[in-house]
Amino acid sequence: MDKNVVWHQPTVTRDRRAKNNGHKSVILWFTGLSGAGKSTIAHALEESLYQLGANTYVLDGDNVRHGLCGDLGFSDTDRNENIRRIGELAKLFIDAGIIALTAFISPFQEDRQRARELVPEGDFIEIHVKCPLDVCETRDPKGLYKKARAGLIKGYTGISSPYEVPDNPEIVIDTSVRDVDQCVMEIIDYLAAKQIITPVSQELTVNA
């Protein structure tokens, strides 16, 4: 970095924003195979947090590639850069007092660890959206597994490129045996237990 670039210390700090918002800000990093349910659960969780008055934003893999990461492909190098950018962006979001939900396959442990190390301990909550490959292929919402099996897509995670399962994620949700509402409530309970949000009633509508 150029030595003439100096970080400017703001007067409106993250702690002041948290006090004003009534909740803490964290990164909720959803990782898992395509079709596991990352985006579905992230958006359902955002809806529930919105009902609670929380400031949130979902960084969705496909959406981000329409803009910020529109210049990147799907080589290992480009995937590394994609996750690097998302990690830096999520870091800015939590400094702004926002609960940042990131829904990316993010297949490589090293990239996820690098994103974790950008923020203080406890600010990065890794959520492994677990689902067997055969179930994901059955869902195949975008028809990409079928194309990958036919050799039309190279380097597809789970088929011709590896997915490295998280070693020690904060939360594991198995979408092959639990529905969206159950997964969302498990995450909300975790956030309440960690005093990131205020504990809520089980009557909360989680899939509005």
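Sorting THR31, THR40 by accessible area puts them as THR40, THR31; the probe is 1.4 Å, largest comes first, and only protein heavy atoms count.
Legend: residues VAL180, VAL165, VAL129, sorted from most to least accessible area (1.4 Å probe; ligands, DNA and RNA excluded), read VAL165, VAL180, VAL129. What pairs from LYS91/LYS147; LYS91/LYS146; LYS130/LYS154; LYS38/LYS194; LYS19/LYS194; LYS142/LYS194 go past 26 Å between their alpha carbons? In this structure, LYS91/LYS147; LYS91/LYS146; LYS142/LYS194 lie more than 26 Å apart at Cα. Compute the FRET efficiency between ARG149 and ASP76 as 1/(1 + (r/R0)^6), taking r as their Cβ-Cβ distance and R0 = 25 Å, and round to the nearest 0.05. About 0.75, to the nearest 0.05. For the pair GLU88 and GLN109 in one chain, pulling the backbone fully straight at 0.36 nm per residue adds 5.9 nm over the alpha carbon distance. Carbon and sulfur: what percent of segment 77-150's accessible surface (1.4 Å probe)? For segment 77-150, the apolar C and S fraction of the accessible surface comes to 52 percent. Whole-Hz Karplus values for segment 89-104 come out as 5, 4, 4, 5, 4, 6, 5, 7, x, 9, 7, 9, 9, 10, 10, 9 Hz, taken residue by residue from phi with 6.51 cos²θ - 1.76 cosθ + 1.60 and θ = phi - 60°; glycine and proline positions read x. The alpha carbon centroids of segment 22-47 and segment 83-124 are separated by 12 Å. When only Cα pairs under 8 Å and 6 or more residues apart are kept, what is the percent relative contact order across segment 105-208? The normalised contact order for segment 105-208 reaches 30 percent. Here's the list of aspartates and glutamates a cross-link from LYS24 could span, going by alpha-carbon distance under 12 Å and ignoring same-chain residues fewer than 8 apart: ASP15, ASP95, ASP123. Solvent-accessible surface of segment 107-208, taken per residue with a 1.4 Å probe and all protein chains present: 57 Å².
The values are calculated or read from the model by the stated rules, or taken from the named source; none is laboratory data. Keep in mind that what you see is a predicted model, and the values were worked out from it rather than measured. As a convention, Cβ positions derive from the backbone with ideal geometry for all residues, glycine included, and neighbour counts pool all protein chains shown. Each accessible area value is taken on the protein alone, full model and side chains, heavy atoms only, with ligands, DNA and RNA left out. Shrake-Rupley method; radii C 1.70, N 1.55, O 1.52, S 1.80 Å.
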